[in-house]
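I have placed the structure first, in the form of structure tokens, so that the comments after it can refer back to it.
The values are calculated or read from the model by the stated rules, or taken from the named source; none is laboratory data. Everything numeric here is computed off the predicted structure, so don't read it as measured data. Neighbour counts are summed over all protein chains in view; Cβ atoms, including those assigned to glycine, are modelled from backbone coordinates with ideal geometry.
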Amino acid sequence: MITPQEVVDLAFSREELVHRDVVTLSDIAEAECRYIRPILGQELAEAIALGGYEELRKEYVLPALAAWCRYILEPLLASRCRELHHDEASSAENEHLRGVVRSLRRKASTLSRRLSDYLNTHGDDYVEYNPKTNPLNHCSIYGDIIQVY
């Protein structure tokens, strides 16, 4: 659904100098399977992967998927940086990383909610979409608060 270069282009700024080789296909598969396919449903996800619904893919799916890839990658990138510089993480650095990861999760969650809301509003345009199978239509997570409806 997304290439490593698209992840880098969408989830990282130019100043971060992240090369596409940092993003593995398994990182993408994890993000897609955990966070995006449940929203889309299997049929719609396959239709998009086969090249259908390019506007939906570009405007809604890719930003959310790239954000989840970044969320998955961030702790790994931080640990690789420490290995290169032979640094041990201080508690302040660990707290900073936790804050960054929380921020990345909020952003990815927001983009997933945006995708879900768009599908719910325009579901008639996507015959493969079934709102009953979208977990975000049954549960919302806000920090430590889980709301089920």
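Do you know which of the residues in the range 89-119 that are in contact with a Leu (Cβ under 9 Å, 6 or more places away or on another chain) and surrounded by fewer than 17 Cβ atoms within 10 Å (Cβ to Cβ) is nearest to E54 (Cα to Cα)? Per the stated criteria, the residue is Y118.
Considering (1) over 23 Å from R106 (Cβ atoms); (2) touching a residue at least 24 places away in the same chain (Cβ under 8 Å), the lone condition that D21 does not fulfil carries the number (2).
If you filter the range 67-87 down to residues that are among the charged types (D, E, K, R) and in contact with a helix residue (DSSP H, G or I) (Cβ under 7 Å, 6 or more places away or on another chain), you find that the one that is modelled with the lowest pLDDT is E74. Of all residues in the range 120-147, exactly one satisfies the criterion of being under 18 Å from the mean Cα position of the chain (by Cα), at pLDDT below 70 and part of a loop (DSSP other than H, G, I, E, B), namely G143. Candidates R113, R98, R102, R106: the one that is of a type in the set (D, E, K, R) and touching a strand residue (DSSP E or B) at 6+ places or on another chain (Cβ under 9 Å) is R113.
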